[in-house]
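Below is one structure, written out as structure tokens, with a few remarks after it.
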């Protein structure tokens, strides 16, 4: 950025904190601009040392807190194809299941602690016409040598050992039969819904003098003395559904890497054809065999 | 006596204009606003080329049009890899077929209930006897057949201890050991779902007598003394 010089040069010789300063690093002076504190924080000479505990409000401590609930390896982007059932031939039990399909899931890029503050694998799936992409997004794909992707999502991992190489394909055999996953997807949209449907309110009487407000909420808040206002977060009518929902601990019943099919136990939020992100379940032990799939 | 004519007196208001005005002194003499005579009459200096090998930290200080431009790179757009979706358009059907290949390898069950295609199949109104893996049989009139691929099921109705009992049975369930047609409907039913048979007027009552007759005949034909009973003591 070019410096903003004052219009009149008379002001220049005045020493001002808003002007630029010279910081001399390795012989070549670098000019820096911007607002800086008049009282920079003083470092305490007692608070420095490698064996001191990490302060709780630092990014390092935040990552440490999160370490136990972050998966060791990336997940995958899938499409919900529909529901069916699988019979257990031994017990004769019928297990309802959801069929998911992986479509050309590839690693697009990484997020690293050094640059972005956390570790994550950016995956893309499907294919999109290059003409329908913005130039910046197209450049993002082509710089990494990836064909343009329809869906791009990030999957957080614990550390850099979970970062797959860019361009690697994630197939259905990335998951093993019998392991548990969390499925994340947007629920079915219900449009503008009233309070009875959206929040399960009881509604009002059919009769006893109630007119025209049989399905509406009662009072929205206390009267004078109680604040005489509507508190933030009051449950009201509004848009329902189409929110992200995570279904945890779904068992993987079947994997077909040739057709990219992953069959999970039970139901997954959202309509048929929606994008589902599946990753190792955080509330179950991590899968033992973590060999990367052959691309 | 008038000293000056009334016309001149009226023009007196313009007197202030005739007074010599004090020159307004510029408060700030900016060096940018002044141009020396030599610069005005000299030729415009040709812009000097930028010094080569300018250190990187100085490039930011240059105006935008002077900064060296990044070379334009046209990277090829990689073609998409082959998609499994084109190979398998309907994964739900694929999963169901794989299940059916295990549960019904000969296609016998399918033929027994596909009443739209196979004439030998169970039809609504038939009396059916189902034996389960654990040995319990269930007999009843078939009220309806629900064709839903792997989830195909049929509804049987009977009376047990004079209480109406209905049971929906999944055709492909591994718990179902055998399905026998005990008696065909006398006349072709004109409805696909015979829910009217729940009404007392049309209720068939118990079918136990018909089934025991059938079992007796079957035993006589096969020449066995007693039908083997599984899982019971």
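Throughout, read-outs are computed from the coordinates displayed, never taken from laboratory work. Note that the coordinates shown come from a computational prediction; the quantities given were computed from them, not determined experimentally. Positions of Cβ are generated from backbone atoms using ideal geometry, with glycine treated the same way; all protein chains shown enter the neighbour counts.
Below, the figures for the structure above:
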| item | result |
| --- | --- |
| Relative contact order of the range A:135-224, defined on C-alpha pairs under 8 angstrom at six or more residues apart (%) | 15 |
| Mean ellipticity per residue at 222 nm, deg cm²/dmol - from DSSP H runs of n ≥ 4 across chain A, formula -39500 (n - 2.57) | -2000 deg cm²/dmol |
| Order of B:191, B:146, A:277 - criterion: other Cβ atoms within 10 Å of each residue's Cβ, fewest first | B:191, B:146, A:277 |
| Relative exposure of A:161, A:125, judged by other C-beta atoms within 10 Å (fewest first) | A:161, A:125 |
| Prolate/oblate/rounded call for the range B:93-222, Cα gyration tensor, a/c under 1.5 rounded | prolate |
| Candidates A:150, A:206, A:198, ranked by Gaussian network fluctuation over chain A, Cα under 10 Å, top entry | A:206 |
| Cα-projected label distance for residue A:83 with residue A:39, points at 7 Å along beta-carbon direction, nm | 6.2 |
| Percent RCO, i.e. relative contact order, over the range A:179-285, from Cα pairs under 8 Å lying at least 6 residues apart | 45 |
| 18 Å reach of a label modelled at residue A:272, 7 Å along Cα-to-Cβ, counting backbone N of the range B:116-158 | B:147-152 |
| Efficiency of FRET between residue B:162 and residue B:192 - r from beta-carbon atoms, R0 30 angstrom, step 0.05 | 0.60 |
| Separation of the residue A:90 and residue B:106 label points, Cα + 7 Å toward Cβ, nm | 2.6 |
| Chain A: most fluctuating residue of A:138, A:212, A:123 per GNM, C-alpha cutoff 10 Å | A:212 |
| FRET efficiency estimate (nearest 0.05) - Cβ-Cβ, residue A:219 to residue B:177, R0 60 angstrom | 0.45 |
| Residue B:136 paired with residue A:114, simple spin-label distance in nm, labels 7 Å along Cα-to-beta-carbon | 6.7 |
| Relative contact order (%) - criterion: Cα under 8 Å, at least six apart; region: chain A | 22 |
| Rounded if a/c under 1.5, otherwise prolate or oblate - the protein assembly as shown, Cα gyration tensor axes | prolate |
| Cα-based shape type of the range A:21-162, given that a ≥ b ≥ c are square roots of the gyration tensor eigenvalues and the cut on a/c is 1.5 | oblate |
| Ranked list, fewest to most other Cβ atoms within 10 Å of each Cβ, for A:184, B:162 | B:162, A:184 |
| GNM top mover of A:272, A:36, A:45 - chain A, alpha-carbon springs below 10 Å | A:36 |
| Enclosed volume per residue, in Å³, of the convex hull spanned by Cα atoms of chain A | 352 |
| Distance from the range A:81-156 to the range B:97-133 (C-alpha centre basis), Å | 40 |
| Length released on extending from residue A:161 to residue A:134, taking residue separation times 0.36 nm less the Cα-Cα span | 6.5 nm |
| Pairwise centroid distance, computed over Cα atoms, of the range A:165-216 with the range A:231-295, Å | 14 |
